[in-house]
Structure formats: structure tokens, C-alpha cells
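The values are calculated or read from the model by the stated rules, or taken from the named source; none is laboratory data. Quick caveat, the model's predicted, so the values are computed rather than measured. All Cβ positions, glycine included, derive from the backbone under ideal geometry; neighbour counts span all protein chains shown. The accessibility values were calculated without ligands, DNA or RNA, using every heavy atom of the protein model including side chains. Shrake-Rupley method; radii C 1.70, N 1.55, O 1.52, S 1.80 Å.
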Amino acid sequence: MTESTTRDPAVRRPRFDKDHPHYRWVALSNTTLGMLMATINSSIVIISLPAIFRGIGLDPLEPGNVGYLLWIIMSFLVVSAVLVVTLGRLGDIYGRVKIYNLGFAVFSVFSVLLSVDPFQGGAGAWWLILMRVGQGVGGAMLFANSTAILTDAFPAHQRGMALGINQVSAIAGSFLGLVIGGVLSEWHWRAVFWVSVPIGIIGTVWGYRSLVELGERRKARLDVPGNLTFGLGLTSLLVAITYGIQPYGDHSTGWSSPWVLGGILLGIFLLAAFVIVEQRVEHPMVSIGLFRIRTFALANLAGLMAAIGRGGLQFMLIIWLQGIWLPLHGFSYESTPLWAGIYMLPLTVGFLVAGPVSGYLSDRYGARYFATGGSLLVAVTFVLLLVIPVNFSYWAFATILLLNGIGSGLFTAPNTTAVMNSVPAHERGAASGIRGTVFNSGNSLSIGVFFSLMVVGLANVLPRTLTDGLTGQGVSHRVAAEIGNLPPVGSLFASFLGYNPIESLLGPTGELEKLPAGNADTLTGKEFFPHLMSGPFHDGLVVVFLAAAGMMVVAAVASWAAGGKYVHDDSSGEALGREE
């Protein structure tokens, strides 16, 4: 055990080597704080969007403003997905702790800049989008290196437990952000960005004073061709998927747009070029040889399928609760964002319980049974969500969410441990970056896929249902038909934002003022839209959740095939490691 300090107490900086009895817990607590901060901020904005748009004086449901809505949500996810591999490789070259600590500082600076948005309207929205991009850069630094830092600090027989706690904080943060955002946005919209500032300052100072470089570094040059082809390719793909959610011409989604199709094809072409480039450069950003390690390749495949399957769940549950269930149970539309976060807490509780336990047990028995069983349990819960009625009993809903959280917790820590244990020590930064890219890209892709599947499902039945419901309350057939033929994404976003959907759709037409007071009250009340939406929404849920269940089954098959307790043997230098 060694500890080096300076003689001047005022500038004393604790330094620990890997054998110090407390260092691993310092690393775990600091990286857990970093992951918690980053993931809280990825979801806190989602639930606070109504307050944010009111604060900058912008109606997000106007046709020209839907892009602002999407990019305030997606900019953080896209940037963190694109940069995380590059920043993981930079951690391998220049030091993981150095890049990680810088990420804390960058994240904190952009949190402050988000909270002081000086503009209104479209300019204010652009400020938020650009600052979210900067926040995404800081988040990518944290995502890329926190897992590698823990893998360096903990011996193989304790990594599952440590990574389990770390991953629990990541998933828990995404749901805690919903509750925190709902509370803070009721006070002031800028407060949702302030919450990161003290955490970021504490984490930055603490990290610079306490964390040390334990990882093996190898001198290498930055792989410029690889970074460009990967970054541009993934950006093109994710941007195209984001625009695929938006209507195009007479179509309910944008998947037929030449720009969307072109972006997807360009992204695929550049990513294929990236694979070729990486096999020819001297110092590749990603060693393609890593994917010849069975555990690494299959565990990442399982992680991608799980991220796609689970990533859009949060959005579907928010729309379900805010647009249908909560209004039917007496909640005003304006209060639904906060209560939706509260009613989804069983999901977080399940993950908090299962994550550390499965991580600890996977250290002893391997990842196969826990990752496979967790994936299958999540798949079953997706089917159970289809069995319960749209206007469900809450305790049945809460039980399913609890089981979903337990399944996710059983899967995540063993899956992460399998990925990180399977690679050489000097590749851990890149491996952590690949895992982060898989997770973040899967979430981004999931949002695009889930929203698109839901819109397609609604487009088949909602126009007729909405038109008939409106004319039944005295709305002119012309206006009712115009609203009924609007893209379903408008109704989804209205529910998602906690707006009164019918009031948002009918208000600009002036039709509400022409109706008898009783009819207007019925249309804008708490029961008309939820009852109208229940049937079409369930049809959309069938498509979405069956697709998600299928992806989780694929994740289970890949997890089983990945093997059991697998640890790379650095002492022998074997490229393929060994399975215990």
C-alpha cells in the first residue's frame, strides 16, 4: 500500500495505488455519482418540457416547432452515442481518469449555460439544443470511461458487484429524473438544469483529488479516418431516424422522405467503410479483433437488443399514463407529468433491488443465467402489459413494472461485466466506449422505432375514431375531418407533454367557441380523449410491445450463447481469454 502526498497540507492530494484498501470504493462512489448525474439529466428534460417551452414562450405543437421538441430530447442522446467510442479510445491513450474528470467539468459548465438561456422563441430553443450538445460531450466522457475505471480498480471476482451498482445508478437516474423534473419544473423551469451544478462541482473536485490512473496505457496516434467515418456514419444514421418520427408530406411518418432514406443509406455506407478502415490503420480506434471474442461480440449484441427493446418503454408508459390513465382517474393534464414519474417508481425499485444482487452473484456463477433470465423476464412483462386493459388496476400495472425492473436489473450488470472482463486491460477504454455506444444508440434507435410503430398503429384507426367522436359533439364535419387526418404524432406529443390534446387540436380552429358550453366541456374534459384514444392506443401498443418482446428474446439467446464466467487472461496475453 502506498500513499503519496505533498508536504503542504493546503495542496495535499491523496494518491492511492490499486492495492489501497479504500481506493476501489472511492472509484465506485465517484463514478456512480457521475453516471447518476448524467442519466438524471437525460430524462429530467423529458418530463420538464412543458415548463421549458412555456418559459421560452414557444408552442412545441405548432408544425414548425416539432423539430425543436425532438432535438431538445435527442441531441444529448445522439452526441453521447456518437462520441463515446472516440472518448473511450482517448482514455486508453491519454488516461481514463483524465478524460472522465474533464467530462464532469464540461457537463457542469453546460448545465450552467442551459439554466441561463437568454433568448425566447426559436432562438431560445436553439440555445437549449446547442447547450444539450455540449452537455452530451461531457456525458460521453463520463459514459466512456466510468466502466473502464471500475474495471481497473476492482479485481475480477468483485467487478460484477461494482458494475451492478454503477449500472443501477444509470438506470435509476433515468427514472429519478422524471420525478425530480416533475417537482422542480413546478417551481421554475431553469431549476431542472441547476440540479446538476452542485453535483458536477463536487464530482469534479472530488475526482481530481481522489482518482488516479491505474489502467494500462499504450502510446498511439489518434485514428482520424476511423473517427470521421464512425462519427459521421452514426450521426447520419441517428439523425435520419430522428427525422423519421416526424410527418413527411401526406405521410404520418418521415420514413418515405428521400432525406431520411438517404441519411440511413449514407450512415450504413460510412459505418461499413469504418470497418474496412479499422482493419488497415496502424492504431485503430476500435480493434475489430475484439469482435472475434465470442463473449464480447454476443454480450454487445444482447446489450443492443435490450437497449432497443427497453429504451422506448419509458416514452410509451409516459404517453399511456399522461394521455389516458391519469386523466381518467381525476388528474388534470397539467399535473400528469409529475404523477407519471411517481407512478412509474416500481420500475426503478425493481432495478435497484436486482442490479447489485445479480452483479454480486454473477461474479461467482457467471453472467449466462442472470442475463438470459433477466431478458426473458422483461419479454414476459411486455406481453403482460398487453394483457391488462388500458384503464388498468394500478396494482397489476405496478407489479408488472416491478418485474420489468427486476428483469432489467438481472440483465444489465452481468452483461456489462461480461463485456468488460472479456477484453485485454489496454482495450478497456475502447470496450467501455463500444458498450456505451451500443447502449446510447439502442436508446436513440428505440425512441425512433417505438414512436414510428405507435404512429403507424394509430394511423390505421385514429383518424376515423377521432372524426366520429368530434362530430358526435357538434364539431363541424370539415374541421373534424381535418383534425382526424392530422398525423397522430400531434396527439402523441400533446399527451407526452401533459397538454390537453383536444384543446390543443381544436383551440386554433376557433371551433370550441362555437359549441354549446356542455359540448366544449365534454371535449376538453378528462374523459373524452382518453376514452377515444384507448382502442387505437392499445392497437399501437400491441405492435410496439410485441416487437420489444421479440428483441428481448434475441437478447436472451445471445446472452446464453455468450457463455458463463469469462475473464481475459492478461498474464498469458491470450487474445481470446479463458472461460471459467
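Treat region 269-395 as a sphere of radius equal to its Kirkwood radius over Cα pairs and apply Stokes-Einstein at 4 °C in a medium of 1.567 mPa s; give the translational diffusion coefficient in µm²/s, rounded to a whole number.
In µm²/s, the coefficient rounds to 71.
How do the peptides 311-319, 411-419 rank, highest first, by the average count of neighbouring beta carbon atoms within 10 Å per residue?
Going from most to least packed, we get 411-419, 311-319.
Roughly how many nanometres apart are two label points built 7 Å out from the Cα toward the Cβ at Tyr94 and Ser332?
Result: 5.1 nm between the two label points.
When ligands, DNA and RNA are left out and all protein chains stay put, how many square angstrom of accessible area per residue does region 288-351 have with a 1.4 Å probe?
27 Å²
Going by average Cβ neighbours within 10 Å, how do the peptides 147-157, 339-349 rank, with the highest at the top? List each step's numbers first, then the result.
Details: 147-157: 22.7, 339-349: 21.0.
The peptides rank, most packed first, as 147-157, 339-349.
Using alpha-carbon pairs under 8 Å, 6+ residues apart, how would you state the relative contact order of region 458-541 in percent?
Dividing the mean separation by the residue count of region 458-541 yields 35 percent.
State in Å² the accessible area per residue of region 144-286; use a 1.4 Å probe, count heavy atoms of protein chains only, and round to the nearest integer.
For region 144-286, the solvent-accessible area averages 45 Å² per residue.
Can you tell me the order of 66-73, 45-52 when each peptide is scored by its average per-residue count of other Cβ atoms within 10 angstrom, highest first?
45-52, 66-73
With the Cα gyration tensor of region 371-483 giving a ≥ b ≥ c as the square roots of its eigenvalues, does the rule (a/c under 1.5 for rounded; else a/b larger than b/c for prolate; else oblate) give rounded, prolate or oblate?
oblate
Averaged per residue, what accessible surface does region 417-570 expose to a 1.4 Å probe, in Å²?
Value for region 417-570: 33 Å² per residue.
So, R0 is 56 Å and r is the distance between the beta-carbons of Gln279 and Ala396; what FRET efficiency does that work out to, to 0.05?
That pair, Gln279 with Ala396, gives E of 0.60.
Would you compute the Debye intensity of region 175-330 from its alpha-carbon atoms alone, equal scatterers and no solvent, and pass along log10 I(q)/I(0) at q = 0.15 Å⁻¹ to two decimals?
-1.23
With the full set of protein chains in place, find how many percent of the accessible area of the chain is carbon and sulfur; take the probe as 1.4 Å. Before the final figure, lay out the partial values.
Details: 14290 of 21540 Å².
That share works out to 66 percent.
Send over the semi-axes of region 85-167's equivalent ellipsoid, whole angstrom and largest first, taken as the square roots of 5 times the C-alpha gyration tensor eigenvalues.
Values: eigenvalues 208, 34, 17 Å².
Each semi-axis is √(5λ); the values are 32, 13, 9 Å.
What helices does the chain have that are whole DSSP H segments, at least 27 Å long along their own axis by Cα, and with mean Kyte-Doolittle hydropathy of -0.5 or more?
Sorted by number, the helices that extend far enough and score high enough are 23-55, 66-94, 96-115, 121-153, 159-187, 224-244, 258-278, 345-365, 368-387, 394-421, 428-459, 528-562.
Assuming 0.36 nm per residue, please report the length gained on full extension of the stretch His157 to His251 beyond their Cα-Cα distance.
Fully extending the segment from His157 to His251 adds 28.5 nm.
For the chain, what are Rg and Dmax over the alpha carbons, in angstrom?
24.1, 83
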